[in-house]
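Below is one structure, written out as structure tokens, with a few remarks after it.
The values are calculated or read from the model by the stated rules, or taken from the named source; none is laboratory data. Everything numeric here is computed off the predicted structure, so don't read it as measured data. Here the Cβ is made from the backbone with ideal geometry for all residues, glycine too, and neighbour counts use every protein chain on show.
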Amino acid sequence: MQADIPRTTAALRALKGMQKEALLQGSLQHPNVLGLVGAVQQGHAFAGFIMPFCQGGSLETALRELSTSNTSLPLPQRVRVALLAARGLSYLHQRSIIHLDLKADNIFLEGPLLTSNGADVDEAVGVKIADFGLSTTLQPGQTSVAVNQGRGTDSHMAPEVRRGGNVSTSADIWSFGVLLWELVHQRPPGPDDSTGSNRVPIVPPDCQAAWAVIMKKCLRIRASERPDASQLVQELQQLL
Ligand SMILES: Nc1ncnc2c1ncn2[C@@H]1O[C@H](COP(=O)(O)OP(=O)(O)O)[C@@H](O)[C@H]1O
Ligand SMILES: [Mg+2]
């Protein structure tokens with residue numbers, strides 16, 4: 001039936017995209033990046049992939065739950081989560097992977113953010129960057145890649161991604177700056193939390209000064225002026 005053709009094409013395209021995502025994710029091995037356990041085959045076709053289950057759920061949900069119980073993530077734990085995420089991001093960038101959808105919703109936790117007695121920092125909680133559905137890999141010698149306008153999540157999108165065109169790993173650094181914002185507010189920024197056509201999140205005036213400095217560096221409009229992920233690792237390490 002002719003009417004089935006577009007649906008089949010769309011399904012094939014989706015499957016191809018999933019396969020690409022699985023191949024990429026399967027090649028990754030880092031404590032702060034969600035790896036792949038295996039792939040599911042149906043007949044000769046690829047049907048899906050299996051990931052380790054992260055008991056703590058997404059970072060976004062965990063932060064929101066803390067807010068619901070009127071709890072602020074203590075600063076040492078906040079720094080630790082950011083540091084582990086920066087380590088995962090640095091690994092991805094060393095492998096020429098641009099994530100393109102970095103946000104708390106795509107970071108998973110192996111356990112609760114806080115231990116049951118509340119203020120105690122759980123040293124063991126694992127932080128894993130996940131969801132490579134929009135990721136792209138730079139070819140050898142390439143430092144940027146053309147992306148369609150608006151690829152990713154609006155609240156976390158670097159200005160150059162919003163416009164569309166050539167983007168580099170620096171696009172993820174912008175999103176990391178928004179992640180630092182999320183870790184302070186324990187929710188993603190909304191339209192009222194940012195300014196201008198570039199949707200720059202307003203740096204919270206009452207957060208730790210060194211944290212605000214790192215956030216501002218990540219949120220520089222010019223991509224080339226943003227720090228790289230390994231610099232972020234070093235700077236966050238100093239806050240521990
Ligand atoms: N490894 C995991 N452990 C626990 N929950 C997961 C895991 N992977 C995905 N999820 C759940 O599935 C949702 C979507 O996952 P994600 O990989 O971000 O896919 P997408 O955003 O493309 O739908 C998450 O918000 C979370 O609730
Ligand atoms: Mg997701």
*asked:* Please determine whether any residue of region 173-185 is part of a loop (DSSP other than H, G, I, E, B), of a type outside the set (Lys, Arg) and closer than 30 Å to MET18 by Cα.
replied: no
*Inside region 122-155, can you point out the residues that are farther than 24 Å from ALA62 by Cα and not in a loop (DSSP other than H, G, I, E, B)?*
THR136, THR137, VAL145, ALA146, VAL147
_Boolean, LEU114 is modelled with pLDDT of 95 or more and closer than 25 Å to GLN238 by Cα_ = no
*Going through region 185-240 one residue at a time, which ones are over 30 Å from ASN70 (Cβ atoms) and in contact with a His (Cβ under 9 Å, 6 or more places away or on another chain)?*
ASP228, ALA229, SER230
*For ASP101, which of the numbered conditions (1) buried (at least 16 other Cβ atoms within 10 Å of the Cβ); (2) more than 16 Å from ligand 2 (Cβ to nearest atom); (3) charged (D, E, K, R) fails to hold?*
(2)
*Out of LEU63, LEU24, report the one residue that is within 18 Å of the chain's Cα centre (by Cα) and in the same structural domain as ASP228 (by TED's automatic domain parsing).*
LEU63
_ASP192, sole failed condition from (1) of a type outside the set (Ser, Thr, Tyr); (2) at pLDDT 95 or above; (3) outside any loop (DSSP other than H, G, I, E, B)_ = (2)
_Here is a list: ILE107, ILE50. Which entry is surrounded by 13 or more Cβ atoms within 10 Å (Cβ to Cβ) and β-branched (Val, Ile, Thr)?_
ILE107
*How do the pairs read when you match residues in region 133-150 that are in the same structural domain as LEU102 (by TED's automatic domain parsing) and of a type outside the set (A, V, I, L, M) with residues anywhere that are assigned to a strand (DSSP E or B) and within 16 Å of ligand 1 (Cβ to nearest atom), using Cβ under 6 Å and keeping only pairs 6 or more apart or on different chains?*
SER135/ILE97; THR137/ILE97
*If you go through region 207-214 one residue at a time, do you hit one that is more than 16 Å from ligand 1 (Cβ to nearest atom), assigned to a helix (DSSP H, G or I), at pLDDT 95 or above and closer than 26 Å to HIS30 by Cα?*
yes
*Report, ordered by the first and then the second residue, all pairs with beta carbons closer than 8 Å, sequence separation of six or more or different chains, a first member in region 44-62 that is of a type outside the set (A, V, I, L, M, F, W, C), and a second member that is part of a strand (DSSP E or B) and more than 10 Å from ligand 1 (Cβ to nearest atom).*
GLY48/ALA39; GLY48/VAL40
*Do the conditions hold for GLY150, that is, is it closer than 25 Å to GLN231 by Cβ, modelled with pLDDT under 95, away from ligand 1 (no atom under 14 Å from the Cβ) and small (Gly, Ala, Ser)?*
no
